[in-house]
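First the structure, in the form of structure tokens, and then the observations on it.
Bear in mind that the values in this text are calculations on the coordinates, not laboratory data. Source: prediction; values computed, not measured. Positions of Cβ are backbone-derived with ideal geometry, glycine not excepted, and every protein chain shown enters the neighbour counts.
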Amino acid sequence: MKNKKLFTIFGNPVIHSKSPLMHNCFFEKKGLKNCYTRFLLEDGSEIIKKFKELKINGANVTVPHKEWAYKLADEVRGVAKEMGAVNTLVLENAKVVGYNTDGSGFMEVIKEFDYKNPLIIGAGGTARAISYLLKADIVNRSEGRLKFFKEKGFKTYIWNNFEYKNYDLIINTTSAGLKDENLPMPKEMLEKVFKNAKYAVDVVYGRETPFLKMAKEYNLVLRDGLYLLVYQGILAMELFLGEKLNKKEAEKVYFEILT
Ligand code: NDP
């Protein structure tokens, strides 16, 4: 048992998560006897207590517990400190250490894009993580969550004061389209936005969202949420294993598993 390590994803809901599948297959390909499971956590305030009770070595954290993980981890490192959100927990010398790989994972998704003016739709946790590394304008359907971005000096809009600029990279970070047929902005607004754009990225995975369906009609280069899932996952795996992975090889393995 000494060399076997246990990992999990904490979330609510968590049944749909593809993280166990992709990480377990990766362990197998690497010849590691580790195991990755999923844990439905209802009360986020118990996240670190559960982590310790389960005697696990690492965990990913998904909606809606990233802020609890940030608040309760024994220590928080790197960009997670600024973001106020943790998506990866690692047991290091008996301490549960929190990191965030969503922002840097997203930068991997768009690394080959040639863009100048990105627009982020949505102002939740994912938008926060992405905007930490990507200077973008932000548009949200309501005012409340924009406060965080305003204080950090971002140009922010709600739908009815939105100013159209030549945005070339459009990123949907809302959950619109996850379980419904909603667009993240009114159709007529998206039509104007897509007209000048080159790229459209969605963070939702598992289905073609109305946002990406519409972007396809404008012949934009598309990336769905699977890309973010893979890249944030590879960066989390590096933290779990405490070693740098060959990114090209890891990408190949993860995409083969998931597509
Ligand atoms: P939050 O709950 O923090 O934020 C949700 C955002 O979506 C808010 O800005 C909210 O607006 C907006 N929103 C929700 N529904 C609609 C709608 N019908 N129309 C317009 N705006 C809407 O969520 P997260 O940022 O944590 O997560 C967002 C999505 O990203 C989830 O679907 C999650 O699964 C996905 N995700 C995927 C990852 C991946 O690996 N692919 C990684 C991380 C997240 P308002 O403020 O007005 O309520």
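Inter-part distance, region 13-68 to region 84-141, computed on C-alpha centroids, equals 19 Å.
I want to verify a result. In a Gaussian network model of the chain, Cα cutoff 10 Å, which of these has the top mean-square fluctuation: Phe148, Phe211, Phe194? Among Phe148, Phe211, Phe194, the largest GNM mean-square fluctuation belongs to Phe148. If you wrap region 128-259 in the convex hull of its Cα atoms and look at it from every side, the mean projected area works out to 9.4 nm². When Leu119, Leu89 are arranged by Cβ crowding within 10 Å, least crowded first, meaning fewest neighbours, the order is Leu119, Leu89.
Across every pair of non-identical alpha carbons in the chain, the mean reciprocal distance, once inverted, gives a Kirkwood radius of 18.9 Å. Counting every pair of alpha carbons in region 217-259, the share spaced more than 15 Å apart comes to 48 percent.
For the Cα trace of region 48-94, dividing Rg by the Kirkwood Rh returns an Rg/Rh value of 0.93. Straight-distance candidates among the lysines for linking to Lys18, with alpha-carbon spacing under 18 Å and chain neighbours fewer than 8 residues away dropped: Lys29, Lys66, Lys179, Lys252. Across the chain, the mean sequence separation of Cα contacts (distance under 8 Å, 6 or more residues apart), normalised by length, yields a relative contact order of 15 percent. Which of rounded, prolate or oblate describes region 1-116 when judged by the alpha-carbon gyration tensor and an a/c cut-off of 1.5? Verdict is oblate for region 1-116.
Taking each DSSP H run with n ≥ 4 as -39500 (n - 2.57) and averaging over every residue of the chain yields -10500 deg cm²/dmol at 222 nm.
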